[in-house]
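Participant: Quick one: structure below, then a few questions.
The values are calculated or read from the model by the stated rules, or taken from the named source; none is laboratory data. If you're wondering where the values come from, they're calculated on a predicted model, not measured in any experiment. Note that we place each Cβ from the backbone using ideal geometry, even for glycine, and neighbour counts take in every protein chain shown.
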Amino acid sequence: MGGKGMDHWERVNNPYDDDKVIAACSLFGMMDTSGKRFSGGDTITAIANMHERGNGLGGGFAVYGLYPQYAEHYAFHVMYLDEAARREAESLLQDGFRVALAEPVPTRKTRAIENPPLVWRYFLEVRTQNGQGLSHDDYVLEKVMQINTGVRNAFVFSSGKDMAVFKGVGYPEDIADYFRLDEYQGYLWTAHGRFPTNTRGWWGGAHPFSILDWTVNHNGEISSYGINRRYLEMFGYHCTMQTDTEVIAYAVDLLVRRHHLPIEVVADVLAAPLWSQIEREDGEKAALHTTLRQVYGSLLLNGPFTVVIAHQGEMIGLTDRIRLRPLTAATKGDLLFLSSEESAIRLVCPQLDRAWIPMGGEPIIGSLQRPLAKREPVAVEEATA
Amino acid sequence: MKTYLPPRFVIDRYAERCIACQVCVRQCSFDAHAYDGEDDEIRSYEKNCVGCHRCSVFCPTQALNIRLNPLSYRPNVNWQPEFIEDIIRQSEGGGVLLTGMGNDKPYRVYWDHLLLNASQVTNPSIDPLREPMELKTFLGRKPDRVELDPASLSLKTQLAPQVAIDVPVLFSAMSYGAINLNVQESLARAATEAGTLFNVGEGGLHQTLYKYANNAIVQVASGRFGVHPEYLDVARFIEIKIGQGAKPGIGGHLPGGKVSEDVAETRMIPAGTDALSPAPQHDIYSIEDLAQLIYALKEATNYTKPVCVKIAAVHNSAAIASGMVRAGADIIALDGLRGSTGAAPKMIRDNVGIPIELAIASVDTRLREEGIRNQASIIAAGGFRNSADVVKAIALGADAVYIGTAALIALGCTVCQQCPTGKCAWGIATTDPILSKRVNPDIGARRVVNLLRGWSLEIKEMLGGMGINALESLRGNRLHLRGVDLTDGELDVLGVRLAGR
Amino acid sequence: MTTNISSNGGSTVRIDVNGTHYRELNGLIREAVADGAQRIDLHDVHGQRYIATNLRTEAEIHIHGTPGNDLGAFLDGSRLIVHGNAQDGCGNTMNEGEIIVHGHAGDITGLSARGGRIFVREDVGYRAAIHMKEYEEKRPALVIGGTAQDFLGEYMAGGIVVALGLTLNGENCHKASFVGTGMHGGVIYLRGHINEHQLGKDVGVSKLTRKDRTILRDLVTQFAAHFGYDAEEILASRFIKLVPLHLRPYGRLYTC
Ligand code: SF4
Ligand code: SF4
């Protein structure tokens, strides 16, 4: 893979060559576990209510169940700084895929949004002869990396099926307005308002960070970043964004997609139980937790974090093991909410069945496989209150 | 347990001068002198001596000299005596090595590699004795531009609260408990007289000092000692303490022994308990939490005063400072590697942080690149020794500096590093009522005011030499600095050219 | 976004908060107080921070909705009644006054409080009552109807924490770990059970004395009155008392 593009994005995302990009923020997620699709209105209202937590240098959304008419196509959202970049990237896409549709992502003129890049979307099918032994997902991943590291001024920021990310520089409510998110429907929405500390903020640097259909929204700063990153690099991931979020996304991709671990176990890697707690567990559980810490010690996310992770059919909320960042969960019928602040949930759904604060390191999982009205989400019974 | 530690100092007592008046016995709070009634003689217990010079200064016949014990170990570049003795100390005490004052290790002091400019021929130097010389500095957030009413041309812009100081030197945070009230009062009065501010640290503001509150900076630190609405209301500005240069990343424990009745009342905790300052502030785990506390304080004081945030200079200071400014800090205080303290674990003091010179340069550069340097003032701290250091710091990009040790030296401190013992023979880092009397606020204030007066005159001399008559023309003006004996990398971080270029 | 303020001509004022920014809202509250309001009703509160911070009044403020973080920070005498849940930092560094939460409260409830009372009907989050302090007659109290998450009473230097365990079911055991880590003052009363390993190494368990019972009775009676419980029924159960083992938990940490 060529270096010019990658260097370029590193420079844009981390213009001062800091150890990494540091940011914090507000998080919101809302999922209908029965799979019913709904508009982005509530998510936008909720994230806007946490305006104080961001600083206007980044806002973004992930939506699942977004493109049912192209459910089997990889939906690429790509930003370009100029037309030349678009031509170059598109010729790569034409070579690598059958392009079912290419069009600019519809936008609305908004005063709050300055200097937006060109944002296009493509619905793509992998040509069978292109596989070369790679799975479709790995093939797509390689193409994404190829564009992001090889084509100057082009950046693929979303590449999953029946889902997409919308993000940019601005408060999340302004980004939503710009991308007309009130006009879309999905069964799972997540949103992020960003407070970057050491970057001027650029469109690609906003959250969610996405790889294939995984999206990660993150709040906090991980002190273990240096080793998390070096560990993932051994497995071939290029951390071009130099953000905690990117590292979390790759860690989840590695553990779930490549190492086939269930998400509950992934939580035990990222927010591993303390040794004092493991000592009190029964033999089998203790052995599992001990082994996970021994093998994946380099993936422990050490330091304050809350993440809202999503992929097709599932939304996961997780905080660090001593809960240094906030997360409130709530349910109403089939709906699961995750939010940095309870007030944002109450604003869009005043009469909740239940609102609670999960324990640190305990994943809250909403899944289409387990609609809430039939079954409580995993770990609810364990949560206090 | 018999200690294996050799005495650090030798006490020379000249018998022909000694009149056995016992002044030294009374002055030494470390029990290194004792009177033997039987022989009518003064004896020395050298293993107790910490080299603070209190006795030799006060000996009426100059019969005492204190010098380093010349006892030598076999030379070894790796096993320096200090490391050997630290291990002895720990093998006998079994704890974290505790020390006082600032980092004493030979890390490069960049001030000594930076040289100032002076005008010759092409522009005139200014004579500070006759011409106006302005040191007045305003600390606080400044807007990007001034707006006038287009019709009347009257001023529309309303500035955020500003704090004016007459000399760009403030007294850094020293809490009641770490030092005693006489020291705080000396500093408070000196600040009031010299037109600058003193910082009460995190131990609260004692009732008797409320009359100096207009020159007080009050701290809100992790322990939240003595923080209540009135405390916030009376202060000139509020400083949120995240960290300090002597011990970045860790909290503090004021030992119960120093928590006297009066200290307890000011901190509002029971006497005799340890006053624990946790490492983090438990409502700040992230940048948006810092914003939350900044605005909580602004809201609590109705936006009447600036809020400062103090951090230790560490690896990512530039990025962190940028975040702090965006989080609403009106002033940021950077405390460098050589910043002092009343007590710090030695390993932390000597090994964590970065030099203040590099931190000032990188923070100022970053804030300018991001176009937000005007949004916050920078106060630099950590080992400022004289007015030339101050001038160089301002040229690198600071608005003002904090001094701590320098002010204490004016009061008698000899940097003996015994502060955590609470036995300071100079009556400074102690709350012992008898030792505390050794600092008389009338005299103390005088000494400190004299120091500031001297530094102001010198700063004016240096400015005049550069052809500058207002301090703001020097602020961030790195063209008035040149480096000697520095690598390209160091010059690059400092943003300073090599001397001769 | 409209803010409706109405007064019944008497001493009660109603504010429909409805998206008003906290800075403006606190301004309105201050104005109402200056005009002599004794009771202020805030409706439609959704995350406004710092409500009633540093308000020097004895007025009663009713909050309908979900107040934002740092509710009543530096509170100085007012009475705040939350008809709903409170978020993080409720009663941060409060000095005097009372906060009553008809629901749960988030992390660091009562952080560094130095006076006043907080009553929470249900549970509280992590690090409740962290670094609470007391000095002579100024003795803050946090009464939790349910239970707490980890690090309850961490670094506690004074004050009283009561956790009544009313939301616990079955085995009646509190779930928090690291309770009282670094505690060196104050007292925690727990109704229900807690295991040894859940306690910080700086706390010890002891029996309640007559004096403890008096304090507890007073606080539980107030709690019961606020939330409609039977105080006697609550008091009839077994309580345990957690106290610091040392005034100086870190006294042996250092070598000079
Ligand atoms: S007063 Fe100071 S220098 Fe003199 S003997 Fe005592 S410790 Fe040593
Ligand atoms: S303050 Fe006192 S104990 Fe501390 S270094 Fe100065 S003279 Fe020594």
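Participant: Looking only at the range C:201-249, which residues are more than 24 Å from the chain's Cα centre (by Cα) and crowded, with 18+ Cβ neighbours inside 10 Å?
Facilitator: Correct list: C:Arg248, C:Pro249.
Participant: Also, quick follow-up: Answer yes or no as to whether B:Arg338 is within 12 Å of another protein chain (Cβ to nearest Cβ), surrounded by 24 or more Cβ atoms within 10 Å (Cβ to Cβ), among the basic types (Lys, Arg) and touching a residue at least 60 places away in the same chain (Cβ under 8 Å).
Facilitator: Values: within 12 Å of another protein chain (Cβ to nearest Cβ): no; surrounded by 24 or more Cβ atoms within 10 Å (Cβ to Cβ): yes; among the basic types (Lys, Arg): yes; touching a residue at least 60 places away in the same chain (Cβ under 8 Å): yes.
Spelling it out, it is not the case that B:Arg338 is within 12 Å of another protein chain (Cβ to nearest Cβ), surrounded by 24 or more Cβ atoms within 10 Å (Cβ to Cβ), among the basic types (Lys, Arg) and touching a residue at least 60 places away in the same chain (Cβ under 8 Å).
Participant: Now a separate question. How many residues, within the range C:74-123, are in contact with a Phe, Trp or Tyr (Cβ under 6 Å, 6 or more places away or on another chain) and over 23 Å from A:Arg354 (Cα atoms)?
Facilitator: Just the residues of the range C:74-123 that are in contact with a Phe, Trp or Tyr (Cβ under 6 Å, 6 or more places away or on another chain), to begin with: C:93, C:100, C:107, C:119, C:121.
Within this subset, residues satisfying the condition of being over 23 Å from A:Arg354 (Cα atoms) are C:93.
So the answer is 1.
Participant: If the Cβ limit is 6 Å and pairs must be 6+ apart or interchain, which residue in the range B:171-196 that is closer than 18 Å to B:Lys437 by Cβ and in the same structural domain as B:Ala221 (by TED's automatic domain parsing) pairs with which residue that is more than 16 Å from ligand 1 (Cβ to nearest atom) and among the charged types (D, E, K, R)?
Facilitator: B:Gly177/B:Lys258
Participant: Can you tell me which residues in the range C:227-256 are among the small types (Gly, Ala, Ser) and either within 9 Å of another protein chain (Cβ to nearest Cβ) or part of a strand (DSSP E or B) (or both)? Give the derivation first.
Facilitator: Of all residues in the range C:227-256, those among the small types (Gly, Ala, Ser) come to C:228, C:231, C:236-237, C:251.
Result: C:Gly251, single match.
Participant: Quick check on my filter: what residues within the range C:103-118 are touching a residue at least 24 places away in the same chain (Cβ under 8 Å), over 19 Å from C:Thr66 (Cα atoms) and within 14 Å of chain B (Cβ to nearest Cβ)?
Facilitator: C:Ala113, C:Arg114, C:Gly115, C:Gly116
Participant: Quick one: C:Ile100 ticks every box in (1) surrounded by fewer than 24 Cβ atoms within 10 Å (Cβ to Cβ); (2) on the phi > 0 side of the Ramachandran plot; (3) away from chain A (no Cβ under 14 Å) except a single one, so which number is it?
Facilitator: (2)
Yes/no per residue for (1) polar (S, T, N, Q); (2) more than 20 Å from A:Ala344 (Cα to Cα); (3) touching a strand residue (DSSP E or B) at 6+ places or on another chain (Cβ under 7 Å); (4) away from every other protein chain (no Cβ under 12 Å):
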site	(1), (2), (3), (4)
C:Ser11	yes, yes, yes, yes
C:Arg14	no, yes, yes, yes
C:Glu24	no, no, no, no
C:Arg39	no, yes, yes, yes
C:Leu42	no, no, yes, yes
C:Val45	no, no, yes, no
C:Arg49	no, no, no, no
C:Glu58	no, yes, yes, yes
C:Ile61	no, yes, yes, yes
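Participant: Is there a residue being at pLDDT 95 or above and either surrounded by 21 or more Cβ atoms within 10 Å (Cβ to Cβ) or within 16 Å of ligand 1 (Cβ to nearest atom) (or both) anywhere in the range B:115-130?
Facilitator: No, the range B:115-130 contains no residue that is at pLDDT 95 or above and either surrounded by 21 or more Cβ atoms within 10 Å (Cβ to Cβ) or within 16 Å of ligand 1 (Cβ to nearest atom) (or both).
Participant: If you scan the range C:167-202, which residues turn out to be free of Cβ contacts under 8 Å to residues at least 40 places away in the same chain, assigned to a loop (DSSP other than H, G, I, E, B) and of a type in the set (Asp, Glu)?
Facilitator: Once the filter is applied, which keeps residues that are free of Cβ contacts under 8 Å to residues at least 40 places away in the same chain, assigned to a loop (DSSP other than H, G, I, E, B) and of a type in the set (Asp, Glu), the range C:167-202 yields only C:Glu171.
Participant: Looking at B:Ala235, is it closer than 18 Å to B:Gly177 by Cα and of a type in the set (A, V, I, L, M, F, W, C)? If you could, list the steps in order and put the result at the bottom.
Facilitator: Numbers: closer than 18 Å to B:Gly177 by Cα: no; of a type in the set (A, V, I, L, M, F, W, C): yes.
No.
Participant: Does B:Asp399 count as more than 14 Å from chain A (Cβ to nearest Cβ), out of contact with any helix residue (DSSP H, G or I) (no Cβ under 8 Å at 6 or more places or on another chain) and within 27 Å of B:Ala275 (Cα to Cα)? Before you say what the answer is, go through the steps one by one.
Facilitator: Values: more than 14 Å from chain A (Cβ to nearest Cβ): yes; out of contact with any helix residue (DSSP H, G or I) (no Cβ under 8 Å at 6 or more places or on another chain): yes; within 27 Å of B:Ala275 (Cα to Cα): no.
No.
Participant: Taking only the range B:257-292 into account, find how many residues are in a helix (DSSP H, G or I), within 24 Å of the chain's Cα centre (by Cα) and aliphatic (A, V, I, L, M).
Facilitator: Within the range B:257-292, residues that are in a helix (DSSP H, G or I), within 24 Å of the chain's Cα centre (by Cα) and aliphatic (A, V, I, L, M) number 3.
Participant: Out of the residues in the range B:412-439 that are among the hydrophobic types (A, V, I, L, M, F, W, C) and more than 8 Å from ligand 2 (Cβ to nearest atom), which is surrounded by the fewest Cβ atoms within 10 Å (Cβ to Cβ)?
Facilitator: B:Ile434
Participant: Looking at the range A:252-299, which of its residues are assigned to a loop (DSSP other than H, G, I, E, B) and either modelled with pLDDT under 90 or over 23 Å from A:Asp213 (Cα atoms) (or both)? Give the derivation first.
Facilitator: Keep residues of the range A:252-299 that are assigned to a loop (DSSP other than H, G, I, E, B), which gives A:259-262, A:271-274, A:279-282.
Matches in the range A:252-299: A:Ala272, A:Pro273, A:Leu274, A:Glu279, A:Arg280, A:Glu281, A:Asp282.
Participant: Residues in the range A:35-45: is at least one among the hydroxyl-bearing types (Ser, Thr, Tyr), part of a strand (DSSP E or B), touching a residue at least 60 places away in the same chain (Cβ under 8 Å) and in contact with a Phe, Trp or Tyr (Cβ under 9 Å, 6 or more places away or on another chain)? Explain how you work it out, then say what you get.
Facilitator: First, pick out the residues of the range A:35-45 that are among the hydroxyl-bearing types (Ser, Thr, Tyr): A:39, A:43, A:45.
Next, only the ones that are part of a strand (DSSP E or B) stay: A:39.
Imposing the further condition that a residue be touching a residue at least 60 places away in the same chain (Cβ under 8 Å) reduces the set to A:39.
Among the residues that remain, those that are also in contact with a Phe, Trp or Tyr (Cβ under 9 Å, 6 or more places away or on another chain) are: A:39.
For the range A:35-45, residues among the hydroxyl-bearing types (Ser, Thr, Tyr), part of a strand (DSSP E or B), touching a residue at least 60 places away in the same chain (Cβ under 8 Å) and in contact with a Phe, Trp or Tyr (Cβ under 9 Å, 6 or more places away or on another chain): present.
Participant: Given the conditions (1) more than 23 Å from the chain's Cα centre (by Cα); (2) within 14 Å of another protein chain (Cβ to nearest Cβ); (3) within 16 Å of ligand 2 (Cβ to nearest atom), which single one is not true for B:Val57?
Facilitator: (2)
Participant: Hey, another quick one. Identify the single condition in (1) modelled with pLDDT of 95 or more; (2) buried (at least 19 other Cβ atoms within 10 Å of the Cβ); (3) more than 16 Å from ligand 2 (Cβ to nearest atom); (4) of a type outside the set (Val, Ile, Thr) that B:Arg108 does not satisfy, given that it satisfies every other one.
Facilitator: (2)
Participant: Out of all the residues in the range B:57-108, which are touching a residue at least 12 places away in the same chain (Cβ under 8 Å), within 16 Å of ligand 1 (Cβ to nearest atom) and assigned to a helix (DSSP H, G or I)?
Facilitator: Once the filter is applied, which keeps residues that are touching a residue at least 12 places away in the same chain (Cβ under 8 Å), within 16 Å of ligand 1 (Cβ to nearest atom) and assigned to a helix (DSSP H, G or I), the range B:57-108 yields only B:Phe58.
Participant: Next question. Does at least one position in the range B:463-483 carry a residue that is under 30 Å from B:Ile179 (Cα atoms), away from ligand 1 (no atom under 16 Å from the Cβ) and among the aliphatic types (A, V, I, L, M)?
Facilitator: Initially, the range B:463-483 is screened for residues under 30 Å from B:Ile179 (Cα atoms), giving none.
No: the range B:463-483 contains no residue that is under 30 Å from B:Ile179 (Cα atoms), away from ligand 1 (no atom under 16 Å from the Cβ) and among the aliphatic types (A, V, I, L, M).
Participant: Here is a follow-up. Tell me, which helices (runs of 4 or more DSSP H) lie completely within the range B:401-501 with 2 or more residues that are touching a residue at least 60 places away in the same chain (Cβ under 8 Å) and of a type in the set (Lys, Arg)? Break it down into steps so the answer makes sense when it comes.
Facilitator: Values: elements: B:405-410, B:433-436, B:441-466, B:488-494.
Here the list reads B:441-466.
Participant: Restricting to the range C:121-142, name every residue that is surrounded by 24 or more Cβ atoms within 10 Å (Cβ to Cβ) and outside any loop (DSSP other than H, G, I, E, B). Steps first, answer last, please.
Facilitator: As a first pass, look at the range C:121-142 and keep what is surrounded by 24 or more Cβ atoms within 10 Å (Cβ to Cβ): C:121, C:123-133, C:140-142.
C:Val124, C:Ala141, C:Leu142, listed by residue number.
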